[in-house]
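Structure record follows, encoded as structure tokens.
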Amino acid sequence: EPWHEPINPAQLLDEIVDTIRRFIVLDKWQADAVALWVLFTWLIAVVAIAPLLIISAPEKSCGKTQLLALLRRLVLRALVASNMRSATLFRIAEKWHPSILIDEVDSFLKTDEETSGLINAGHTRDSSIAWRLVGDNHEPKSFDVWGAKALAGISLEKHLPDATVSRAIVIELRRKLPHESVSRLRHAEVDLFEDITSKLARFALDYSQQVLLARPALPDALSDREQDNWEPLLAIAGCAGPEWVQRATEA
């Protein structure tokens, strides 16, 4: 249910950043990017670009699975799709347009052409249709796989095609240093994520039209594809005021 009163978008983004950094070791620019991507999932119905979120780490124990678990509690209609048959995944993606979260992508994606096709489809709303042969007669059928997708794995830049990486906001995690500490996700307060997602629902209700009509300034330092990826995130930052536009631009 949406929050009972209008929310301040900047305060909501700050709250999400603080929550992310409470449980995950990452720098402030990465935390800002992830927070904006979380809000993007709640506005999937109005944006035209759906950037992937790639969560990569050079080795184990860097927090990628923890970050994916955190996203499961924050994004709209989260679906943990690891070890799911591709035929099931295609049908779920078309029916509910969930935020698909896949861990350990490095271990299977190269040999799973079906899931790889679903991931690469739908970077833009116009390209969200994927065709597959179904049934005993192998009839062609189209699936609308529009939706947010986050992938986690080891050294994903080495395992994923350039075409996939170019469609993504890439988060590079590392192991925490001896002086750093984070809380365990399982010890979070019972109502923490319920309150945040209620505020996210209210944000989507109140700001969808503004994001739909936004034409944010896109940094010249980015390539055309990178500008596409960041456009919806910068549009969301615009709802939160000049400070968040600057933070998003730096990120």
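Checking the condition in contact with a strand residue (DSSP E or B) (Cβ under 7 Å, 6 or more places away or on another chain) and open to solvent by less than 80 Å² (accessible area, probe 1.4 Å), which residue from 232, 161, 216 passes?
Unique residue meeting the criteria: 232.
Picking from 191, 206, 162, which residue would you name as being acidic (Asp, Glu) and modelled with pLDDT of 95 or more?
On inspection, the qualifying residue turns out to be 206.
Determine the pairs where a residue that is under 15 Å from residue 39 (Cβ atoms), located within the stretch 227-251, has a partner that is polar (S, T, N, Q) and part of a helix (DSSP H, G or I) with Cβ atoms under 6 Å apart, the partner being 6 or more residues away or on another chain.
From residues that are under 15 Å from residue 39 (Cβ atoms), the pairs are 239/210.
Which members of the stretch 116-159 meet the condition of being among the aliphatic types (A, V, I, L, M) and closer than 17 Å to residue 229 by Cα?
Of everything in the stretch 116-159, those that are among the aliphatic types (A, V, I, L, M) and closer than 17 Å to residue 229 by Cα turn out to be 119, 121, 148, 150, 151.
Look through 180, 189 and report the one residue that is open to solvent by less than 50 Å² (accessible area, probe 1.4 Å), assigned to a loop (DSSP other than H, G, I, E, B) and over 21 Å from residue 52 (Cβ atoms).
180
Just for the stretch 235-248: of the residues that are in contact with a Pro (Cβ under 6 Å, 6 or more places away or on another chain) and in a helix (DSSP H, G or I), which one is surrounded by the most Cβ atoms within 10 Å (Cβ to Cβ)?
235
Taking the stretch 1-35 as the search range and keeping residues that are in a helix (DSSP H, G or I) and of a type in the set (S, T, N, Q), which one is least open to solvent (accessible area, probe 1.4 Å)?
19
The values are calculated or read from the model by the stated rules, or taken from the named source; none is laboratory data. This structure is a prediction, so every number in the text was calculated from the model and none was measured. Cβ atoms come from the backbone with ideal geometry, glycine included; neighbour counts cover every protein chain shown. To get the accessible areas, we keep the full protein, side chains included, count just its heavy atoms, and leave off ligands, DNA and RNA. Shrake-Rupley method; radii C 1.70, N 1.55, O 1.52, S 1.80 Å.
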